[in-house]
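One structure below.
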Amino acid sequence: MNSKEWWRPENLHRAEQEFREESSDEASISSDFQSYKLLRTAQDLSLTGITLHNDVDPLAKVQAIAKLLGHHQPRSILDAGCGAGFTTKALAATYPDATVLGVDLAEDAIAYATAHHPEAKFQARPISPASGALGEFDTIFCFEFYPFTRNVDVDFQVEFIRYFVSQLNPNGRLVIYQTWKNKNSLAKIFDEVKAATPELNYGMMTTPSPRLSTRLPLRLAIALSILASRIGGRDWAKPLIVVTENKIGTTKAT
Ligand SMILES: C[S@@+](CC[C@H](N)C(=O)[O-])C[C@H]1O[C@@H](n2cnc3c(N)ncnc32)[C@H](O)[C@@H]1O
């Protein structure tokens with residue numbers, strides 16, 4: 001495997017399978033697969049290193065995102081690359097009328113999610129345009145999903161975005177959340193990806209620091225987060241990319 005291309009679904013899936021077959025208990029928790037493995041038996045989350053890999057307390061973030069998305073009330077949600085399901089659980093709490101499915105290629109993560117988050121459904125499988133349909137969703141959320149956050153391959157990301165959009169119901173939304181300053185991500189190639197997909201609409205929003213969004217009105221939290229990012233250099237304000245089909249309100253071409 002080209003180690004620079006570890007993030008490709010087929011490579012990551014193979015690495016995950018090999019890890020489960022061969023890893024020792026001493027493997028480093030800097031590997032998300034080791035953290036997921038430890039989650040299955042550990043009583044204390046802090047000993048598993050899971051916070052290095054998953055947002056284990058994402059409710060305020062997810063609620064701020066839901067406010068930004070406004071009146072859009074999805075009834076079916078996919079959380080792509082859900083890890084151990086903390087974001088999936090937060091989505092289920094934020095959208096109580098929706099069915100929520102979390103999918104991740106890491107089997108240990110999905111075993112933990114299934115055991116701990118009964119309010120959602122989970123599936124262990126790699127997500128890839130090559131691996132077929134996932135279902136039909138009103139909203140697909142990608143929180144720090146490697147196909148968008150670990151490479152700057154325009155063709156790959158375009159193919160992935162088109163694939164996700166093909167799994168949306170009419171008027172559906174693909175919502176991508178990532179760390180803006182990540183130079184090896186969709187953020188870096190955003191203009192090229194947009195230019196290559198004229199059939200799609202892109203919206204860019206700013207999500208505020210969850211700490212501010214729980215205490216202040218959303219607009220004020222956003223303004224202060226942007227200011228704090230500019231002054232302090234720390235990444236308080238994060239981007240949210242929302243992708244829809246161009247013809248909102250029409251059904252998909254057959
Ligand atoms: C950084 S973690 C983020 C987990 C979670 N979304 C969160 O924000 O807490 C990225 C997750 O994406 C999963 N992942 C990456 N590429 C994937 C793919 N092609 N199909 C399914 N899962 C994938 C990894 O196994 C990992 O659990």
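The values are calculated or read from the model by the stated rules, or taken from the named source; none is laboratory data. Here the structure is a predicted model, which is why all the values come from computation and not from measurement. A quick note on method: Cβ atoms are made from the backbone with ideal geometry, for glycine too, and the neighbour counts reach across all protein chains shown. Areas reflect the complete protein model, heavy atoms only, side chains present, ligands, DNA and RNA absent. Shrake-Rupley method; radii C 1.70, N 1.55, O 1.52, S 1.80 Å.
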Under a point spin-label approximation (7 Å from Cα along Cα-to-Cβ), what is the Glu119-Arg211 distance to one decimal in nm?
-> 2.5 nm
Please state the relative contact order of region 69-198 as a whole percent: Cα pairs under 8 Å, 6+ residues apart?
-> 24 percent
Over the chain, calculate the relative contact order: mean separation of alpha carbon pairs under 8 Å at least 6 apart, over the residue count, as a percent.
-> 17 percent
Roll a 1.4 Å probe over the protein heavy atoms and report the accessible area of Leu47 in Å², nearest 10.
-> 120 Å²
Filter the GluC sites (Glu not before Pro) in region 7-66 to those in DSSP coil with at most 15 other Cβ atoms within 10 Å of their Cβ, and list the result.
-> Glu26
Put Glu144, Glu192 in order of accessible area, largest first, probe 1.4 Å, and you get Glu192, Glu144
Tyr202 versus Arg40, label points 7 Å from Cα toward the beta carbon: distance in nm?
-> 4.0 nm
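Report, in deg cm²/dmol and to the nearest 500, the calculated mean residue ellipticity at 222 nm for the chain, where each DSSP H run with n ≥ 4 adds -39500 (n - 2.57) and the sum is divided by the residue count.
Roughly -11500 deg cm²/dmol at 222 nm, from the helical runs in the chain.
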Name the residue, out of Ser166, Ser229, Ser46, whose mean-square fluctuation peaks in a Gaussian network model built on the chain with Cα pairs under 10 Å.
-> Ser46
Determine the share of the chain's accessible area contributed by carbon and sulfur atoms, expressed in whole percent, with a 1.4 angstrom probe.
-> 52 percent
Excluding same-chain residues fewer than 8 positions from Lys37, which lysines have a Cα within less than 25 Å of its Cα?
-> Lys4, Lys89, Lys121
What percent does the relative contact order of region 95-162 come to when contacts are Cα pairs within less than 8 Å and at least six residues apart?
-> 27 percent
With charges only on Cβ, +1 for K and R and -1 for D and E, what is the dipole size of the chain about its Cα centre, in debye, rounded to 20?
-> 1140 debye
Expressed in angstrom and rounded, the centroid-to-centroid distance over alpha carbons for region 7-78 and region 153-202 is 21 Å
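Restricting attention to region 1-69, which trypsin sites (Lys or Arg not before Pro) occupy a DSSP loop and are surrounded by at most 16 other Cβ atoms within 10 Å?
Arg40
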